[in-house]
Amino acid sequence: MADTGGMTRRSAVTLAAGAAFTGAASSAAAAPAAAEANHDTGRGPLVVGHRGAAGWRPEHTPASYELAVQTGADWIEPDLVMSGDGVLVVRHENEISGTTDVARRPEFAARRTTKTVDGRRVTGWFTEDFALAELRTLRTVERLPLVRDRNTVFDGVAQIMTFQEVVDLARTLSRTHRRRIVVFPETKHPTYFRSIGLPLEPELIRVLRRSALGPGGCVVQSFEPTSLQRVAAARLRVPLWQALGTVGGPYGHDETYAQMRTPEGLRRIAAYAQWIGPDKSSLVAPSPLLADAHAAGLRVGAYTFRAENQYLPAELRRGADPYAFGAALTEYAQHYAMGVDAVVTDFPDLAVAARRAWAEERS
């Protein structure tokens with residue numbers, strides 16, 4: 001029943017946003033010239049399935065990745081953390097009480113602990129305290145059950161995936177759908193994992209080499225420049241994506257995100273990366289970030305697009321329910337018109353629908 005309700009909302013947002021779509025898309029001709037180089041698909045900005053299709057299925061599960069590709073995503077994003085025996089596994093965070101059933105597993109009760117991760121005290125269960133075989137006994141759950149109650153019907157179905165399994169799944173999906181699906185891994189808390197003797201980058205590099213994932217099959221992202229620079233030193237020739245937060249700066253680095261977003265900061269990023277990934281709010285006019293990044297030779301992928309009112313700008317919300325869908329297609333249209341090169345989204349189906357309508361407006 002929850003799943004049916006979600007689909008009803010999806011139909012409603014498509015109809016509600018469509019009326020506002022034409023005006024926003026009509027300004028697409030003003031997009032900067034640098035955006036002409038962004039369309040690997042030939043259809044418009046790339047659509048990145050954020051942890052799969054996390055709006056419709058629990059994140060980082062096979063069902064989430066499969067649905068993302070089925071509905072048109074060009075890339076799929078796994079977040080990478082490490083097991084205690086040195087295997088890259090796919091979870092939003094290394095603390096897994098919100099994304100697995102570990103808190104309900106009495107055999108692991110004694111492993112609940114408190115750690116300092118990137119300067120923050122965190123209490124729960126951590127992937128690095130489990131061997132892969134133990135993590136395999138857990139089952140995934142919806143991370144945002146109040147926001148996406150429809151997804152809880154899938155709680156308890158899937159196992160935690162390894163990064164290698166996501167790579168293999170992307171290859172299978174590429175064959176099935178007859179188009180290349182790019183894997184877009186993010187190294188999570190790389191400084192922390194190095195500090196406990198479980199560095200992410202060597203294992204990431206090993207998997208990429210073993211899987212022969214070159215520049216056409218993988219893009220690596222991180223908020224921490226040193227993590228990307230370690231991958232760059234391996235000379236894999238895979239594109240790198242510097243993610244940018246809105247406040248503070250990358251953990252363990254002196255430079256702030258505000259400094260990284262300046263023309264000088266963007267030129268420094270361009271020395272090791274090909275992309276920046278700012279929060280979508282950082283691009284809204286009168287921000288010069290998009291134009292400055294293109295001038296530095298960087299592509300721009302905005303994050304994270306969601307359909308629920310609470311994640312939308314105030315003027316695009318519909319009604320008072322924070323969990324109901326608002327005019328999500330209008331937001332995509334606005335960013336496509338700006339000239340972004342990619343959108344990172346929990347709802348790749350909506351991003352693809354908006355891209356199709358945007359392309360039709362331009363033709």
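The values are calculated or read from the model by the stated rules, or taken from the named source; none is laboratory data. Just so you know, these numbers come straight off a predicted model, no measurement behind them. Heads up, the Cβs are rebuilt from the backbone with ideal geometry, glycines too, and the neighbour counts pull from every protein chain shown. These accessible areas exclude ligands, DNA and RNA; they are computed on the full protein's heavy atoms, side chains included. Shrake-Rupley method; radii C 1.70, N 1.55, O 1.52, S 1.80 Å.
Of note:
- Helix runs (DSSP H) in the chain reaching 18 Å along axis by Cα, Kyte-Doolittle at least -0.5: 2-25, 163-177
- Top positive-direction residue, dipole computed over the stretch 233-363 with Cβ charges, set Ala271, Gly252, Gly339: Ala271
- Debye intensity ratio I(q)/I(0), log10, the stretch 99-169, q values 0.27 Å⁻¹ (C-alpha model): -1.21
- Each of Phe163, Ser174, Thr226 was scored by the projection of its Cα onto the charge dipole of the stretch 157-284, and the greatest displacement toward the positive side belongs to Ser174; charges sit on the C-beta of Lys, Arg, Asp and Glu.
- For the stretch 219-326, trypsin sites (Lys or Arg not before Pro) meeting the loop criterion (DSSP other than H, G, I, E, B) and having at most 14 other Cβ atoms within 10 Å: Arg235, Arg237.
- Accessible surface of the chain, 1.4 Å probe, proportion on carbon and sulfur as whole %: 54
- The calculated 222 nm mean residue ellipticity attributable to helices in the chain amounts to -10000 deg cm²/dmol, summing -39500 (n - 2.57) over DSSP H runs of n ≥ 4 and dividing by all residues.
- For the chain, built as a Gaussian network whose Cα springs stay under 10 Å, the top-fluctuating residue of Ala54, Ala333, Ala110: Ala110
- Thr113 accessible area, 1.4 Å probe, all protein chains in place, Å² to nearest 10: 50
- Note that the chain presents 40 Å² accessible area per residue, ligands and nucleic acids not counted, probe 1.4 Å.
- Cut-off 15 Å between beta-carbons: net charge of the residues surrounding Val90, Lys and Arg +1, Asp and Glu -1: -4
- The stretch 261-358 shape via C-alpha gyration tensor axes, a/c threshold 1.5: prolate
- Among Gly84, Gly339, Gly197, the largest mean-square fluctuation in a Gaussian network model of the chain (Cα springs under 10 Å) belongs to Gly197.
- Placed amide H near Arg143: partners under 5 Å, 5+ positions off or other chain: Glu59
- Sorted largest first, extent of the chain alpha carbons per principal axis (Å): 57, 51, 40
- Net length available on complete extension from Arg105 to Thr172 is 20.8 nm, with 0.36 nm assigned per residue and the Cα-Cα distance removed.
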